[in-house]
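Sharing a structure, written as structure tokens. Questions coming.
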Amino acid sequence: MLLTMKKTSYYNFIPTKAEEEEEEAHNLTTTTNHRHRATRVVVEIRDVYPPPVFNPHNPFHIKKVLTPTEVTTARIALSFADTFDYVFRYWPLEAVKQVVVVGKRRCVLVWDVSDETNPKSYINEDMFLERGSRSLDHECYVLGCKELVKECRLNGGDEIGMFWEIKTATFHFKVLYRAI
């Protein structure tokens, strides 16, 4: 059985003693008074629920209908919950921190399994996962996939499915329904 640790993120509004001292020292050397800014923290926790069960007949945990903007920009928005539950759970903690806290892009390999007899892989600088927009009530992550959108001739209204394949550490992608 594969042991996974669920990742979760939170904001730390209370500075540590070291952070307070660093800010105090910084304020002595500058004329402006800085207030402590909340910091983002990502931690691993033992999940009280088992990881999602892999169903080989319907493995696509992440399903969505593409918007015209997602197709035009070749940037597919993934919800916070889907990304943390179905992707980040299987990533090393440091990799998750790089995307969530630091805001770095992480290159990913994507397999298009729409044609099950002839899957196609995509890996280049345009295939990445990164932190998307963030607001008080909404946060998302973005799968950049310019070549995939172009080659699959995706359109707004198309329904796609994706899942993170644990053994190969890759996204699997499939067009589930084509909009007319």
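Quick note: the coordinates plus some simple rules give every number you see, no bench work behind them. Not measured: the values here are computed from a predicted model. FYI the Cβ positions are ideal-geometry reconstructions off the backbone, even for glycines, and counts take in every protein chain you see.
Take the chain, connect every pair of alpha-carbon atoms lying under 10 Å apart with a spring to form a Gaussian network, then pick out the residue of Val100, Val48, Val110 with the largest mean-square fluctuation.
Fluctuation is largest for Val48.
Once the Cα gyration tensor of region 111-153 is found, what semi-axes does its equivalent ellipsoid get, as square roots of 5 times the eigenvalues, in whole Å, sorted largest first?
Values: eigenvalues 143, 25, 14 Å².
Semi-axes from the Cα gyration tensor: 27, 11, 8 Å.
Relative contact order of the chain, please, whole-number percent, based on alpha carbon pairs below 8 angstrom and at least 6 residues apart.
Details: 296 pairs, mean separation 42.4, N = 180.
The normalised contact order for the chain reaches 24 percent.
If you don't mind, another one. When the distances between all Cα atoms of the chain are binned every 5 Å from zero, what whole-number percent does each bin get?
Per 5 Å bin, starting at zero, the Cα-Cα P(r) for the chain comes out as 1, 7, 14, 18, 17, 14, 10, 6, 5, 4, 3, 1, 0, 0 percent.
With springs connecting C-alpha atoms under 10 Å apart, model the chain as a Gaussian network and identify which of Glu24, Glu44, Glu125 has the largest mean-square fluctuation.
Maximum among the listed residues: Glu24.
Oh, and also: Enumerate the residues in region 88-112 having an amide nitrogen under 17 Å from the point lying 7 Å beyond the Cα of Lys150 toward its Cβ.
110, 112
Another one. In this model, which of Lys64/Lys174; Lys7/Lys146; Lys97/Lys174; Lys120/Lys150; Lys64/Lys120; Lys146/Lys174 are farther than 18 Å apart at the alpha-carbon?
Values: Lys64/Lys174 11 Å; Lys7/Lys146 28 Å; Lys97/Lys174 28 Å; Lys120/Lys150 13 Å; Lys64/Lys120 21 Å; Lys146/Lys174 15 Å.
Checking Cα-Cα distances, Lys7/Lys146; Lys97/Lys174; Lys64/Lys120 exceed 18 Å.
While we're looking at this one, here's another question. Would you mind getting me the FRET efficiency between Lys17 and Leu176? Use the beta-carbon distance for r and R0 = 41 Å, nearest 0.05.
Values: r = 52 Å, r/R0 = 1.28.
Here the calculated transfer efficiency is 0.20.
In whole angstrom, and with the biggest value first, how far do the Cα coordinates of region 34-84 range along each principal axis?
Here the Cα extents, ordered largest to smallest, are 52, 38, 11 Å.
Let me know the charge dipole size of region 96-180 about its Cα centre in debye, to the nearest 20, where only the beta-carbon of Lys, Arg (+1) and Asp, Glu (-1) is charged. Could you put the intermediate results ahead of the total?
Working: 13 positive and 13 negative charges, 63 e Å.
Taking the Cα centre of region 96-180 as origin, the dipole is about 300 debye.
Please identify, among Ser79, Ser121, Ser133, the residue showing maximal mean-square fluctuation in a Gaussian network model of the chain using a 10 angstrom Cα cutoff.
The residue that fluctuates most here is Ser133.
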